[in-house]
Amino acid sequence: MVLSFDRWVGKVAIVTGASSGIGAAIAEQLVGKGLKVVGLARRKDRLDQLAQKWNGKKGKLYPLKTDVSKEEDILNAFKWVKDNLGPVHILINNAGILKIGSLGEGDSKIWENIFKVNVLGLCIATREAVKDMKANNIDGHIIQINSIAGHQIPSFPGLNVYPASKYAVTALAETLRLELNSAKSKIKITSISPGAVSTEIASGNEDFKDILENLVKEKLILDAEDIADSVVYALSTPLTSRSKN
């Protein structure tokens, strides 16, 4: 199999949750390879800092303040991309949250927010990307940043509804794959399921502190750059002979 990233140079990629961790690592690699990367996140100041830091690279980061738990924000972001940059070729659904808690005594507001970000926001962004790709006859690529927790429940305390949200991502990726195949679409869908990654989603939870420190000590944890590498690999795989982009 011949790998090549050349076809994406100069194209538009949207990365959700791009202000830190995996999202920032993915955005940095794509900017470095010459893409127009639209970074979506709530922390616009962090995005602005990254855009300035990466100024001079082959591509460019376009920061957009976006809360993916809000449909209106996502729709506005896609409209801005359409009006200012053109069709979307790549969507990386990376935004995700994890809040410690229990199912037996959980907070329904926390549950709701986890599903809004990890599942509904992903669904809405995916829908908008597919619509845009179809409207512009583009055989694009959608990548869902999933988790090993979307395939097997880890024996960590307090994961709450996080594994359930990631199981949903697994089902959604496969459902979309079958849907696109049925329509004879050449849009590609990839689901990437890392194990533990050293990012804010883990380090920001005090209950995970000891677990995280042990994983680092035993070298059983991935870096955000490892996931970015896997995204670049997936995007470099061959398209079909019918590709339009």
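Where a number appears in this text, it was derived from the coordinates with a stated rule and is not lab data. Keep in mind it's a predicted model, so treat the numbers as computed, not measured. Please note: Cβ atoms are built from the backbone with ideal geometry, for glycine as well, and neighbour counts cover all protein chains shown.
Pairs to check: K65/K186; K11/K131; K11/K65. Give those whose C-alpha atoms are more than 28 Å from each other in this structure.
Working: K65/K186 31 Å; K11/K131 17 Å; K11/K65 21 Å.
Violating the 28 Å Cα-Cα cut-off are K65/K186.
Determine which residues of the range 86-127 fall in the zone a paramagnetic label at I153 would reach in this model, i.e. backbone nitrogen under 13 Å from the point 7 Å along Cα→Cβ. The answer is 102-104.
Longest segment of the chain with no GluC sites (Glu not before Pro) in a DSSP loop having at most 11 other Cβ atoms within 10 Å? Mind showing how you got there, number by number?
On the way: sites that count: E105, E218.
Of all site-free stretches, the longest is 106-217.
For the range 1-56, the Kirkwood estimate of the hydrodynamic radius, built from every pair of different alpha carbons, is 11.6 Å.
Here the Debye sum runs over all C-alpha atoms of the range 99-147 as equal scatterers in vacuum, and log10 of I(q)/I(0) at q = 0.29 Å⁻¹ comes out as -1.06. Sorting the Cα pairs of the range 118-170 by distance into bins of 10 Å, from 0 upward, gives 23, 40, 23, 11, 2 percent per bin. Label positions at T175 and E105, each projected 7 Å from the Cα along the C-beta direction, are separated by 3.4 nm. Applying D = kT/(6 pi eta Rh) to the range 72-116, where Rh is the Kirkwood radius over alpha-carbon pairs, T corresponds to 25 °C and eta to 0.890 mPa s, the Stokes-Einstein value obtained is 184 µm²/s. Placing pseudo-labels 7 Å out from each Cα toward the beta carbon at W80 and R127 gives an inter-label distance of 2.1 nm.
Rounded, prolate or oblate: which one fits the chain, using the alpha carbon gyration tensor with axes a ≥ b ≥ c (rounded when a/c is under 1.5, else prolate when a/b beats b/c, else oblate)? In terms of gyration-tensor shape, prolate.
Hey, fewest Cβ within 10 Å first, where do S69, S4 land in order?
Values: S69 20, S4 11.
By the 10 Å Cβ count, ascending, the order reads S4, S69.
Note on the range 64-173: with charges restricted to the Cβ of Lys and Arg (+1) and Asp and Glu (-1), its dipole about the Cα centre is near 100 debye.
Would the range 32-101 count as rounded, prolate or oblate if I go by the C-alpha gyration tensor, calling it rounded below 1.5 in a/c and otherwise prolate when a/b exceeds b/c, oblate otherwise? Oblate.
Label the range 11-151 by shape, choosing from rounded, prolate and oblate, from the square roots a ≥ b ≥ c of the eigenvalues of the Cα gyration tensor; if a/c is under 1.5 it is rounded, and otherwise prolate applies when a/b is larger than b/c, oblate when it is not.
Numbers: a/c = 1.94, a/b = 1.48, b/c = 1.31.
Because a/c hits 1.5 or more and a/b exceeds b/c, the range 11-151 counts as prolate.
With axes computed from alpha carbons, what is the tilt in degrees of helix 71-84 against the longest principal axis of the chain, rounded to the nearest 10 within 0 to 90? Roughly 30 degrees, rounded to the nearest 10.
Ranked by how many other Cβ atoms sit within 10 Å of their own Cβ, fewest first, the residues T126, T66, T237, T16 fall in the order T237, T126, T16, T66.
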